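Student: Below you will find the structure I want to go over with you.
The values are calculated or read from the model by the stated rules, or taken from the named source; none is laboratory data. Everything numeric in this text was worked out from a predicted model, so none of it was measured. All Cβ positions, even for glycine, are placed from backbone atoms using ideal geometry, and neighbour counts span all protein chains on display.
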Amino acid sequence: MKIFVSNDIGKNPAMKTLFVFFLALELLFVAGAALMRYSEGGFSPASVRAYYLGDENAFTEPKSLTLILEEVHTRSFFAAVLLLTTCSILAVASAAERLKLILVYSTSAGALAYILSGPAIRYVSPVFSHALPASFALFHAGLCAMAVLSLAGLARK
Amino acid sequence: MKNENILKPALAFFMVIILVQCVSGALLFGVKLGFTPESVAGFYLGAEEKFMRPKTFAGLLEVTVPHLCAVGVVVFILGHLVPVFAREKKKLMNFVLCSCFASAAGDIFSGYLVCFVHPGFAYLKLFSFALFELSLTAVAFSLICACFGGFPWKARERVEQA
């Protein structure tokens, strides 16, 4: 873990290869997550509302508390691990500090909002159906941007 | 330490999301298993009045395998961050981390003991889960405090030293 507190990644080709493959897999994860979101009803607030609150026309029922909690539980694990690992790699990559900070804060905020917007739609107000696609985009685009920036930074080292 | 400006906010958000996961885990435990030994035993062994069937070995494995991976990863990440960011009370933090791993193992495997050995192991399930949640929350809280300048009860010491 010393690699995350020093910047000598250029002297460690094995670690560099590991980072590159991890970031490539992460980009595939973002693509997969977008496809999953699309298959669950799409990105519009109306489809998100129908997914969580049910739709009489489509004979779908509102999501139960157990399903909502399981969704929060799994999303929070993936978001936490991906966020910390990607931010740690971004920290050692060559890029402007200010840009790194903006990405860390915006992606983290997007992750938190994405995790909590499902239960908010179901138990607080349907108006949060606007927050879910926005936070989804912010979180996953942020992960993409951090991955691409890190790959570019690693290529320069 | 280099890269602190990037790592500290990332770590703080990581801890907050882990706390969200702790809360959702506790709520899921309450909704699915309940917080009494009778309800935990009923979840695993089945309950005719609630039309619940006993858990099968394959069904238990479907929950065990992802939890073994996820819990291992999360506690490992927390464990390796403690000596870097939270250097105070090393022995206490080591004890809390060990209890994290031990209680996680007890929580994960006690389901099998309830199903295939004796329903009395429901007490072990409840105790292990509670200990795991408490120790994970304690480590997450310590690391959040470390990110924001130290434990709140040490604020007076810091002011005096300044």
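Student: Which one of A:Phe43, A:Phe19, A:Phe29 is surrounded by 12 or more Cβ atoms within 10 Å (Cβ to Cβ) and either touching a Lys or Arg at 6+ places or on another chain (Cβ under 8 Å) or aliphatic (A, V, I, L, M) (or both)? Let's see the steps before the verdict.
Tutor: Values: A:Phe19 fails: either touching a Lys or Arg at 6+ places or on another chain (Cβ under 8 Å) or aliphatic (A, V, I, L, M) (or both); A:Phe29 fails: either touching a Lys or Arg at 6+ places or on another chain (Cβ under 8 Å) or aliphatic (A, V, I, L, M) (or both).
Every option except A:Phe43 fails the conditions.
Student: For segment B:31-121, list the helices (runs of 4 or more DSSP H) that sit wholly inside it and hold at least 2 residues that are β-branched (Val, Ile, Thr) and within 14 Å of another protein chain (Cβ to nearest Cβ); which are they?
Tutor: Numbers: elements: B:37-45, B:57-85, B:90-116.
Filter on segment B:31-121 gives B:57-85.
Student: Turning to a different aspect of this structure: Can you report the number of residues in segment A:104-114 which are within 9 Å of another protein chain (Cβ to nearest Cβ) and surrounded by fewer than 21 Cβ atoms within 10 Å (Cβ to Cβ)?
Tutor: Step one: of segment A:104-114, the residues within 9 Å of another protein chain (Cβ to nearest Cβ) are A:104-105, A:107-109, A:111-112.
If we keep only those that are surrounded by fewer than 21 Cβ atoms within 10 Å (Cβ to Cβ) too, we end up with A:105, A:109, A:112.
Of the residues in that region, 3 qualify.
Student: Determine which member of the set B:Phe101, B:Phe129, B:Phe116 is within 11 Å of the chain's Cα centre (by Cα), at pLDDT 90 or above, farther than 16 Å from B:Phe29 by Cβ and not aliphatic (A, V, I, L, M). Give the steps one after another, and end with the answer.
Tutor: Numbers: B:Phe129 fails: farther than 16 Å from B:Phe29 by Cβ; B:Phe116 fails: within 11 Å of the chain's Cα centre (by Cα).
Exactly one residue qualifies, and that residue is B:Phe101.
Student: Quick check on this structure: which one of B:Phe76, B:Phe43, B:Phe29 is of a type in the set (Phe, Trp, Tyr) and loosely packed, with under 14 Cβ neighbours inside 10 Å?
Tutor: Going through B:Phe76, B:Phe43, B:Phe29 in turn, just one is of a type in the set (Phe, Trp, Tyr) and loosely packed, with under 14 Cβ neighbours inside 10 Å: B:Phe76.
Student: Suppose the filter is at pLDDT below 90 and either within 28 Å of B:Gly25 (Cβ to Cβ) or within 14 Å of another protein chain (Cβ to nearest Cβ) (or both); does A:Asp8 pass it? Reasoning before the result, please.
Tutor: Working: at pLDDT below 90: yes; either within 28 Å of B:Gly25 (Cβ to Cβ) or within 14 Å of another protein chain (Cβ to nearest Cβ) (or both): yes.
Yes: the conditions hold for A:Asp8.
Student: Still on this model: Out of contact with any strand residue (DSSP E or B) (no Cβ under 9 Å at 6 or more places or on another chain), more than 10 Å from chain A (Cβ to nearest Cβ) and either assigned to a helix (DSSP H, G or I) or closer than 17 Å to B:Phe109 by Cα (or both) - does that describe any residue in segment B:3-21?
Tutor: No - not one qualifying residue is present in segment B:3-21.
Student: Here's something else I'd like to know. Examine segment A:72-83 for a residue that is β-branched (Val, Ile, Thr), modelled with pLDDT under 90 and more than 30 Å from B:Glu4 (Cβ to Cβ), and state whether such a residue exists.
Tutor: Start the filter on segment A:72-83 by keeping residues that are β-branched (Val, Ile, Thr), which leaves A:72, A:74, A:81.
Pick out the ones that are also modelled with pLDDT under 90 and you get none.
No, that holds for no residue.
Student: Let me ask something else about it. When you check B:Phe43 against the structure, is it touching a Leu at 6+ places or on another chain (Cβ under 6 Å) and under 26 Å from A:Leu103 (Cβ atoms), yes or no?
Tutor: Values: touching a Leu at 6+ places or on another chain (Cβ under 6 Å): yes; under 26 Å from A:Leu103 (Cβ atoms): no.
For B:Phe43, the condition - touching a Leu at 6+ places or on another chain (Cβ under 6 Å) and under 26 Å from A:Leu103 (Cβ atoms) - is not met.
Student: Taking A:Leu82 as meeting all but one of (1) over 10 Å from the mean Cα position of the chain (by Cα); (2) more than 7 Å from chain B (Cβ to nearest Cβ); (3) of a type in the set (A, V, I, L, M); (4) surrounded by 18 or more Cβ atoms within 10 Å (Cβ to Cβ), write down the number of the exception.
Tutor: The one condition A:Leu82 does not meet is (1).
Student: Taking only pairs six or more apart or across chains, which ones have beta-carbon atoms under 6 Å, a first residue in segment A:36-53 that is free of Cβ contacts under 8 Å to residues at least 40 places away in the same chain, and a second residue that is of a type in the set (D, E, K, R)?
Tutor: Correct list of pairs: A:Tyr51/A:Glu40.
Student: Conditions first: (1) facing chain B (nearest Cβ under 9 Å); (2) farther than 25 Å from A:Val20 by Cα. A:Ala91 passes all but one, so which condition is the exception?
Tutor: Here A:Ala91 meets the rest and fails (2).
Student: Every residue in segment A:25-43 that is over 10 Å from A:His140 (Cβ atoms) and modelled with pLDDT under 90, please.
Tutor: Within segment A:25-43, A:Met36, A:Tyr38, A:Ser39, A:Glu40, A:Gly41, A:Gly42, A:Phe43 qualify.
Student: Which ones in segment A:115-157 are surrounded by fewer than 19 Cβ atoms within 10 Å (Cβ to Cβ) and in contact with a Pro (Cβ under 6 Å, 6 or more places away or on another chain)?
Tutor: A:His130 - this is the single residue of segment A:115-157 that is surrounded by fewer than 19 Cβ atoms within 10 Å (Cβ to Cβ) and in contact with a Pro (Cβ under 6 Å, 6 or more places away or on another chain).
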